[in-house]
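Since the structure comes first, as structure tokens, the remarks are kept for the end.
The values are calculated or read from the model by the stated rules, or taken from the named source; none is laboratory data. Everything numeric in this text was worked out from a predicted model, so none of it was measured. Here the Cβ positions follow ideal geometry from the backbone for every residue, glycine too, while neighbour counts run over all protein chains shown. Protein only, heavy atoms only, side chains kept; ligands, DNA and RNA dropped before computing areas. Shrake-Rupley method; radii C 1.70, N 1.55, O 1.52, S 1.80 Å.
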Amino acid sequence: MIHHGSYDVAPWEVCERTLDLDVLAQSESVFALSNGHIGLRGNLDEGEPFGLPGTYLNGFYETMPLPYAEAGYGYPESGQSVVNATNGKIIRLLVADEPFDLRYGRLSRHERTLDLRAGTLTREVEWTSPTEDTVKLRTTRLVSFAQRAIAAIEYIVEPIDTPLRIVVQSELVANEPLPRTEGDPRGAMLQGALESERHGTHELRAILVHRTRSSELRMAAGYDHLADSAHDLQTASQSEPDFARTTLSAQIEPGSPLRLIKFIAYGWSARRSMPALRDQVSAGLAEAKHTGWDDLMRLQREYLDDFWERADVVIGGEPRLQQALRFGMFHVLQSGARNEGRAIPAKGLTGSGYDGHAFWDTETFVLPMLIYALPAAARDALRWRHSTLDKAQHRAEQLGLEGAAFPWRTIAGEECSSYWPAGTAAFHVNADIANSAARYINATGDDGFIDDCGGELLVQTARLWRSLGHHDSSGSFRIDGVTGPDEYSAVADNNVFTNLAARRNLLDAADTVEHSPELAHALGVDAEEAAAWRDAANAMTIPYDEALGVHPQSEGYTDHAPWDFERTPPDAYPLFLHYPYFDLYRKQVVKQADLVLALAMFGDRFTAEEKARDFAYYEPLTVRDSSLSACTQAVIAAEVGHLDLAYAYMTEAALMDLDDLEHNSRDGVHMASLAGAWVAAVVGFGGMRDFGGELTFMPRLPDQLTRLRYRLGFRGRVLEVVVTSKQATYTLHSGEPLKVLHHGEEIEISETDTVERPIPHLRPGKRPRQPPHREPFGARGVG
């Protein structure tokens, strides 16, 4: 495990006091800025050195063939990968003809700060060139929440001792060279993915238009500038097919810094013409210049003030965990704030990990936070899924099924996984999407969403389950040959998570068409079909091992041989890099929470005793070779009373990227794990559950935390919950009175009253052990 000691602990910022080139790529991910449409990795302004260059546009991708040693029917023929778009971040500096490069000269100061309230990345540098000329540099970068197409940079440079000739080169660079990934041919294929269609400059403005070679998507990038009029600036601009540069030079005196504002605009489309896209970017630049830097900063702060007012989670007792929790929430916000019809990828727009694909992670881990904190972003993410419904229906037809089969991993809606046990058999993604849509509807009361797209999502996914499963001779409904959330099991019968997810999907769809006859008619659902959904749901097979008193992850799972953990060396994790999948598939070893995830998401289907026994059984089997697991284990550990263990898991989820726990944060942050820290806090220690739109609370705090405060948006209300070791306090800040359950007791909360209730003591059973060498990171303390 790596602890990046350069990050100071502060409640509202992540500050790096020194520059460590060994972890430069990780810091680029940590300091990435995005608004859900544009993503800028935290690369240095001058572009070099770098770990991984990165400028991303949500949904902008290139296709490539998926090679197979042995092809099979239904295998996806092509994949999709996010493209490193035209880089507008670069601003190069020459000091008395000496290039500013941190690898040369003397660096007296280098600090970078991600401000979670201002939504900016600032950098402060003091550098002495090899010729002994010293300058101060301060830059501030933002990706605008208010103006979706705009990013902007304030660049201030000042000589320290003597007047100096300063040259600033502001650039747009397309097809910048990328570091090659050993053994991954896709990286090489994406070199030079953009073909130039147009380039040009006018005064301090430049625009480049490109098109991808295979996917034939068009993008435009442009910049414009505002420069101090106090200096006698000499300016020049030039452009080439893959490059544009505006050069500004002047003699600068100490105490009279040169200040440059760079506005950057992006747009892309699969349909719009080159002139239309060029003009769109030009208009965006004009709007940004009219708004000006100061107002862009003000609007950014106002957006975040509103978000934090509604969504902040405050914990007492662990300052570093508080910082990590807000850091994670900030990145989740960035991933979805202005995605508007696009996906939320597993890495957001912070890196090229997983090829920029979206998975079931989005609906299962990210959207729960957004539904209660920023519901418009959750709605837009679900609308994106609906926009790909025709592709999901085509995939279902290809597989001989009815309804819609959504992809395991994708950018544009087509299945991109060449590994068929996941890409074909992991059908639970369909219920994950449907259940997230139902949660959104129940939590917001947005009936218009049902007619717009939510109802159709529920219906088409219900049709899939009815055709995928079957009633056996006993009348039970079975779903055989599927892959559940655990990637160390595959093609199993009656996976409990999948069956419970499908059950809820079927019932939600039946309820929806019953309450909306017009929708049922429009989608061709008759009473017989809806009744068949209810029959399947009510007869759903949920395996149970009577001898052990636990639920097997899937039918027969508890009969498998246990994995030999004692003979597994600590450096053999993750297991899939050291052992064949066939061996993992036939043993009891769990990559990420599967049955335990069912306990968390469908907790109303289990008794308290069943949860305790199931958790105790699966804890020694779960190796957490996935970042998706810790937050789920935190939730159930808290519910069954293992509060210290829950705290350790929450810490792991929250520090996944700040401490680079999986040694791959260089590729982008782990969006589901960061959202999972919120889940661990609010659902775990905050005890919040929302089953069918009925809120219940069973809060409990570990000894490490003195206080927890969080807010939820729920059906037009803002509810605040404060938890201490002995009591919970419920306050309704706006909206109609609300009835909830507190540890089983019904209480009513109104704006005029604050309701306080004691927290009953829970005596847990024996704390379960984890597999050898796989105890949670947080068990060793936050540090």
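Worth pointing out:
- Taking a ≥ b ≥ c as the square roots of the eigenvalues of the Cα gyration tensor, an a/c ratio of 1.5 or more together with a/b larger than b/c marks region 149-253 as prolate.
- Helix 496-515 axis, angle to the chain major axis (alpha carbon atoms, nearest 10°): 90 degrees
- Phi-based couplings in Hz for region 193-198 (Karplus 6.51, -1.76, 1.60; Gly and Pro marked x): 6, 9, 9, 6, 10, 6
- Computed lengthening from R298 to L399, 0.36 nm per intervening residue step minus Cα-Cα distance: 31.2 nm
- Globularity index of region 696-735, i.e. its alpha-carbon radius of gyration over 2.2 N^0.38 Å: 1.24
- Over region 597-671, all Cα pairs binned in 10 Å intervals from 0 give whole-percent P(r) values of 19, 48, 25, 8, 0, listed from short to long.
- Whole-number D in µm²/s for region 511-661 (Stokes-Einstein; Kirkwood sum over Cα pairs; 4 °C, 1.567 mPa s): 72 µm²/s
- Relative to one another, the C-alpha centroids of region 12-75 and region 589-622 are positioned 34 Å apart.
- MRE, 222 nm, helices only [DSSP H, n ≥ 4, -39500 (n - 2.57), over the chain, to nearest 500]: -9000 deg cm²/dmol
- Nearest 10 degrees, 0 to 90: helix 643-654 Cα axis against the chain principal axis: 40 degrees
- The magnitude of the dipole of the chain, with charges of +1 and -1 set on the Cβ of Lys/Arg and Asp/Glu and taken from the Cα centre, is near 580 debye.
- Kirkwood Rh and Cα Rg combined as Rg over Rh, evaluated for region 49-144: 1.20
- Region 1-154: relative contact order in percent, alpha carbon pairs under 8 Å with at least 6 residues between: 22 percent
- Projecting the Cα atoms of T122, Y56, S81 onto the dipole axis of region 56-127, where Lys and Arg carry +1 and Asp and Glu carry -1 at the beta carbon, places T122 farthest toward the positive end.
- Residue-normalised convex hull volume from the C-alpha trace of region 671-783: 148 Å³ per residue.
- Value in Å of the Kirkwood radius, where region 209-317 supplies the Cα pairs that are averaged: 17.4 Å
- Note on region 411-548: Rg/Rh from Cα positions, Kirkwood definition for Rh, rounded to two decimals, is 0.99.
- Listed peptides 62-73, 728-739 by packing density, highest first (mean Cβ within 10 Å): 728-739, 62-73
- Based on the Kirkwood approach, the hydrodynamic radius assigned to region 500-565 is 14.3 Å, with every pair of different Cα atoms included.
- Relative contact order [Cα under 8 Å, 6+ residues apart], region 1-77, whole percent: 17 percent
- 24 Å Cα-Cα threshold exceeded, pairs from K347/K611; K391/K591; K89/K136; K89/K391; K611/K766; K289/K347: K347/K611; K391/K591; K89/K391; K289/K347
- Separation of region 429-476 from region 99-121 is 48 Å, based on Cα centroids.
- Relative contact order, percent, the chain [alpha-carbon distance under 8 Å, six or more residues apart]: 12 percent
- Counting only the Cα atoms, the chain fills a convex hull of 164 Å³ per residue.
- Part-to-part distance (alpha-carbon centres) for region 251-286 and region 688-702, which is given in Å: 47 Å
- Legend: Rg and Dmax of region 301-367, from Cα coordinates, 13.5, 40 Å.
- Within the accessible area of region 338-475, the carbon and sulfur atoms contribute 45%, probe 1.4 Å, all protein chains present.
- Cα long-axis angle, helix 527-538 against the chain (0 to 90 degrees, to the nearest 10): 80 degrees
- Dipole check for region 1-71: with +1 at the C-beta of Lys and Arg, -1 at the C-beta of Asp and Glu, and the Cα centre as origin, the magnitude is about 200 Debye.
- Average accessible area per residue (Å²) across the chain - probe 1.4 Å, nucleic acids and ligands excluded: 37 Å²
- Ranked by how many other beta carbons lie within 10 Å on average, peptides 597-607, 294-304, 664-674 from highest: 664-674, 597-607, 294-304
- Peptides 762-774, 312-324, 559-571, 419-431 ranked from most to least packed give 419-431, 312-324, 762-774, 559-571, packing being the mean of other C-beta atoms within 10 angstrom over each peptide's residues.
- Stokes-Einstein D (µm²/s) once Rh is taken as the Kirkwood radius of region 343-454 over alpha-carbon pairs, at 10 °C in 1.306 mPa s: 112 µm²/s
- According to the Cα-based calculation, Rg over Rh for region 267-412 is 1.04, with Rh computed by the Kirkwood formula.
- Efficiency of FRET between R717 and E775 - r from beta-carbon atoms, R0 56 angstrom, step 0.05: 0.90
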